[in-house]
Amino acid sequence: MGSRAAYRQLERNLFDSDVRDVRQVFSEGAEALGFDPERLVLQDANIPDDRIERQAFLGAALLVHGIALHRYLVDAARRSGAEIRFAAFTGESFGIITAAVAAGALSVADGTKIAHALAPFILVGAEGVTSSSPLQARVAETLAAVGVTQPLVAQPAHVVALTGHPDVVNRVLVAIGDAYDVSDVELHKTYAANQANVYVRSGIRESFGFFMRNFPDITVKELKEPTSFMAHAARMAPVREAFARMMDSEGILFRDAHTPLICNHANRIVRKAADVRDAVLSIIDCVMESRWTADNCEHVGGNVVIELGQGGKSVQLLVDNELTLPAIAYAGGQKDTDALVAAATLLQEVGGIAARDAEGAVSLQEGDLAVLRQMFGVPACYPLVKEFLVREFTRLIAGFQLASRKSIPRPLRRFLEIYQHTSAARDDLDLAGGELALQVQAKKTVVGDSHTLGRVTTEIKVLKPDGSVTDRCSAGRWTPEALVFYFSRLDGVPVLDLIRSARRMAEHHEQVASLYGTFASVLSLDVGAETAGREPIGVMSPQAVATLQILHQLSMLLLLRVERPAIFMSHDYYHAGGDLLGWCVALCAADALDVEDAVALYANHLRGVTASDANPTDGIGDILGRLREAASPLVSVTGVPLAAAKDIATATRHLFEQPAFDARRRYLRLNGDVQIVCLGSDPDQETFDTAPYGSAVTIVATPEEIAQRSHSASLEALEHGCVSSLTDDNQRVLHFARGRKILSSTVFSYIKLGERVLGFGKGGSESMTMFVTAEDHHAA
């Protein structure tokens with residue numbers, strides 16, 4: 001019942017609203033209970049003194065408040081000409097009743113009756129009749145009809161959270177089942193992969209504390225005072241039967257839902273009336289599977305999760321379950337309402353422009369620039385929706401630019417490019433004042449003195465609110481010219497963490513499962529198998545541990561390509577190793593060597609085999625003979641890029657003959673400022689030497705940071721910057737620059753603001769012929 005604490009004293013704003021649909025919710029709910037509508041306002045004066053009557057009232061009032069809040073938000077959007085479309089509804093425990101009403105499977109009246117009766121049935125079933133309340137007498141009579149004449153809960157129970165690694169939590173639950181009867185300790189909720197909540201009978205709480213000392217890796221935390229309200233407990237099954245009879249006798253009708261309902265007790269998304277009824281009844285006697293509920297939020301086609309209600313506990317649950325979608329708590333405040341309505345309106349307008357231009361528009365239309373200004377103004381004005389909107393705009397641009405660049409109509413391309421340019425130059429613009437960037441070019445200084453030569457200057461063509469256009473120059477902003485993916489030994493990562501990570505990645509990505517499957521015999525484990533409650537048996541060999549480290553980093557790179565492809569399309573990128581293992585990973589990442597050969601290469605090194613060994617089958621020399629040209633360059637020990645098979649083989653042979661190679665100092669001589677992305681490793685900042693140019697390091701510590709948006713602020717910033725660079729001009733220049741083994745910033749040094757690149761000549765190695773147009777294509 002703790003989740004109701006935030007509802008004890010609410011304002012009358014919803015009840016006093018002039019929205020007809022909202023007032024109707026209070027009327028329908030009150031009529032179902034024989035109340036005056038004003039009695040359902042959640043304020044102290046309306047709360048009954050009797051404990052059971054009080055919990056019945058709170059249940060009904062909470063449901064009515066939730067549905068009223070939902071309708072208020074929908075109406076606010078509609079009044080502004082926007083629409084908020086709900087892809088699905090769900091709820092945590094009691095919230096599933098509110099969700100069933102919102103999804104259309106229950107009327108407000110029937111939902112209110114269920115919400116009013118639920119707590120009394122559970123409490124009377126658990127404790128027996130504790131007062132002369134007429135409500136308790138009616139409930140007791142219904143319970144007696146199914147044989148419940150004695151309290152089902154002998155003693156109140158503590159609610160205890162067990163937190164640790166998922167495999168260890170599963171193992172602990174198995175051990176608890178072996179050591180305790182279900183009447184003493186019972187699973188109540190799988191809160192997240194790393195947390196399970198259990199009921200612990202008061203009489204054995206001390207014993208349970210001693211028992212849990214067998215598991216030092218598990219944190220034990222008391223969540224609330226001992227309670228007899230034991231929902232989601234198998235012992236309450238008779239109460240469920242009685243409650244189902246009550247619903248039938250009251251004529252409560254379930255219908256097929258018009259919107260999917262995500263179950264809270266099973267890994268299911270349902271619409272059918274019978275399934276929704278089962279989901280509601282399951283509050284009483286089925287374990288809460290919050291982990292599955294959160295996971296299923298990802299699979300219903302939504303782009304944000306809104307918690308409709310007080311307290312923000314559902315948002316916290318989703319965060320703890322590492323939800324990839326943004327989650328927003330909405331309690332009905334005016335500023336939050338304005339934020340959600342503004343976000344919905346803006347997305348609708350942007351979608352309208354995309355649809356209009358796809359139908360053959362020839363130029364930007366009046367009002368399009370105002371929408372662009374809003375794309376920066378709304379997130380700045382409303383922090384509540386900032387993360388959500390930036391994610392949506394990034395996804396929109398990446399979707400167009402990555403999938404269908406050639407087919408994008410010119411006005412839509414221009415619209416997207418202005419957003420991209422403005423995002424890239426945001427720190428040099430007065431966004432609040434309405435400035436937009438029509439063009440951004442990062443140019444390397446190719447003529448000058450030693451203080452400026454080789455440095456990058458950013459030139460910006462700025463569109464002011466009055467329609468005038470001016471040029472602006474910025475020499476102080478960070479603009480990476482090259483990306484380096486860095487790999488090394490994972491000395492601080494336990495083997496068990498690598499195994500658990502492998503299982504999670506393989507579960508969600510078939511390519512990762514295939515990669516690990518290739519080495520199943522070497523690793524002596526099946527990452528795709530159901531392993532709940534099991535730990536790997538035995539001690540892994542050094543070669544197997546090294547294989548795990550190699551595969552882990554390659555899998556993270558694979559996930560990065562799948563989840564955030566813009567990072568690989570916006571800049572020159574290279575691969576570097578900080579030690580011999582990291583070099584083997586880099587060889588595979590650059591597609592210069594097959595994974596099996598890279599694993600064998602390092603395994604031979606661990607066994608003491610050298611490049612000069614005579615055995616042509618097992619020796620390093622044979623593997624080096626299978627090296628091929630790199631699809632993307634590697635960075636040698638001296639810091640220069642390598643791509644040719646001969647050069648890579650020479651460098652690799654030299655490294656394996658010099659085993660002292662390590663990550664104490666890593667030279668990166670790429671003739672420009674470098675953005676370094678460390679996948680799995682966490683080197684010291686002093687590791688990298690990019691002099692005389694600058695560097696920035698992004699640490700991606702876990703696969704979850706790749707898959708889950710907003711899990712890593714630095715990775716989000718990197719991806720957003722890369723998406724901002726995916727313009728036509730930048731892509732043409734990047735393609736040409738790669739072919740000539742120079743940086744894009746060098747090519748842009750010869751292109752003026754206002755010019756558009758049409759193509760490049762195919763002259764000899766010393767020529768750089770560019771075709772540009774000086775037409776005013778940047779005019780808004």
Open item on the list: Suppose the filter is part of a loop (DSSP other than H, G, I, E, B) and either charged (D, E, K, R) or within 30 Å of Arg665 (Cβ to Cβ) (or both); does Asp497 pass it?
Closed with: no
Open item on the list: For segment 689-707, which positions are in contact (Cβ under 8 Å) with a residue 24 or more places away in the chain and either part of a strand (DSSP E or B) or not aromatic (Phe, Trp, Tyr) (or both)?
Closed with: Asp689, Pro692, Gly694, Ser695, Ala696, Val700, Thr702, Pro703, Glu704, Ile706, Ala707
Task: Condition met for Leu559 (at pLDDT 90 or above, closer than 30 Å to Ala737 by Cβ and not basic (Lys, Arg)) - done: yes
TODO: Only one of these is more than 30 Å from Leu347 (Cα to Cα) and at pLDDT 95 or above: Leu40, Leu143. Name it.
DONE: Leu143
TODO: Please give the number of the condition Asp178 fails out of (1) within 20 Å of Ser202 (Cβ to Cβ); (2) not assigned by TED's automatic domain parsing to the domain that holds Asp49.
DONE: (1)
- [ ] Could you grab me the full set of residues in segment 4-29 that are at pLDDT below 95 and within 30 Å of Glu127 (Cβ to Cβ)?
- [x] Arg4, Ala5, Ala6, Tyr7, Arg8, Gln9, Leu10
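Residue by residue, here is whether (1) modelled with pLDDT under 95; (2) within 21 Å of Asn264 (Cα to Cα) holds:
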| position | (1), (2) |
| --- | --- |
| Thr149 | yes, no |
| Val168 | yes, no |
| Tyr180 | no, no |
| Val185 | no, no |
| Phe211 | no, no |
| Pro226 | yes, no |
| Met230 | yes, yes |
| Glu241 | no, yes |
Open item on the list: So the check is Cβ under 6 Å with 6+ separation or different chains; which pairs have a first residue in segment 198-212 that's in contact (Cβ under 8 Å) with a residue 12 or more places away in the chain and a second one that's surrounded by 15 or more Cβ atoms within 10 Å (Cβ to Cβ) and among the charged types (D, E, K, R)?
Closed with: Tyr199/Glu186; Arg201/Asp184; Ile204/Asp184
Task: Candidates Arg395, Arg410, Arg373, Arg391, filtered to the one that is surrounded by fewer than 22 Cβ atoms within 10 Å (Cβ to Cβ) and under 25 Å from Ser474 (Cβ atoms) - done: Arg373
- [ ] Tell me, please, whether a residue that is among the acidic types (Asp, Glu) and under 15 Å from the mean Cα position of the chain (by Cα) can be found in segment 294-308.
- [x] yes
Open item on the list: Can you find a residue that is crowded, with 19+ Cβ neighbours inside 10 Å, under 18 Å from Ala102 (Cβ atoms) and more than 30 Å from the chain's Cα centre (by Cα) anywhere in segment 250-262?
Closed with: yes
Task: In segment 540-556, residue surrounded by the fewest Cβ atoms within 10 Å (Cβ to Cβ) [restricted to those that are small (Gly, Ala, Ser) and part of a helix (DSSP H, G or I)] - done: Ala544
- [ ] Would you confirm whether any residue within segment 310-324 is more than 22 Å from the chain's Cα centre (by Cα), assigned by TED's automatic domain parsing to the domain that holds Ala77 and not β-branched (Val, Ile, Thr)?
- [x] yes
Open item on the list: Of everything in segment 450-493, what is surrounded by 15 or more Cβ atoms within 10 Å (Cβ to Cβ) and of a type in the set (Ser, Thr, Tyr)? Give them in sequence order.
Closed with: Thr457, Thr458, Ser474, Thr479, Tyr486, Ser488
- [ ] State which residue is surrounded by the most Cβ atoms within 10 Å (Cβ to Cβ) when the search covers only segment 85-103 and only residues that are modelled with pLDDT of 95 or more and assigned to a loop (DSSP other than H, G, I, E, B).
- [x] Ala103
Task: Unmet requirement for Thr638, which otherwise passes all of (1) in a helix (DSSP H, G or I); (2) modelled with pLDDT of 90 or more; (3) over 21 Å from Leu557 (Cβ atoms); (4) polar (S, T, N, Q) - done: (1)
Open item on the list: Let me spell it out: the conditions are (1) farther than 22 Å from Asp217 by Cβ; (2) out of contact with any strand residue (DSSP E or B) (no Cβ under 9 Å at 6 or more places or on another chain), and Ala502 meets all of them except one. Which number is the exception?
Closed with: (1)
TODO: State yes or no: is Val319 over 28 Å from Leu416 (Cα atoms) and not basic (Lys, Arg)?
DONE: yes
Task: Within segment 557-590, considering residues that are among the acidic types (Asp, Glu) and within 29 Å of the chain's Cα centre (by Cα), the one surrounded by the fewest Cβ atoms within 10 Å (Cβ to Cβ) - done: Glu563
- [ ] Looking at (1) surrounded by fewer than 21 Cβ atoms within 10 Å (Cβ to Cβ); (2) at pLDDT 95 or above; (3) in the same structural domain as Ala103 (by TED's automatic domain parsing), find the lone condition where Trp292 falls short.
- [x] (2)
TODO: For segment 304-349, name all the residues that are closer than 17 Å to Arg71 by Cβ and not in a helix (DSSP H, G or I).
DONE: Ile306, Glu307, Leu308, Gly309, Gln310, Tyr330, Ala331, Gly332, Gly333
TODO: Sort out which residues of segment 459-499 are among the aliphatic types (A, V, I, L, M) and either on the phi > 0 side of the Ramachandran plot or touching a strand residue (DSSP E or B) at 6+ places or on another chain (Cβ under 8 Å) (or both), and write them in order of number.
DONE: Ile460, Val462, Leu463, Val469, Ala475, Ala482, Leu483, Val484
Task: Filtered residue count, segment 309-320, keeping only those that are touching a Ser or Thr at 6+ places or on another chain (Cβ under 8 Å) and modelled with pLDDT of 90 or more - done: 1
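The values are calculated or read from the model by the stated rules, or taken from the named source; none is laboratory data. What you are looking at is a predicted structure, and each value in this text was computed from that prediction instead of being measured. Glycine gets a Cβ as well: all are built from the backbone with ideal geometry, and neighbour counts include every protein chain shown.
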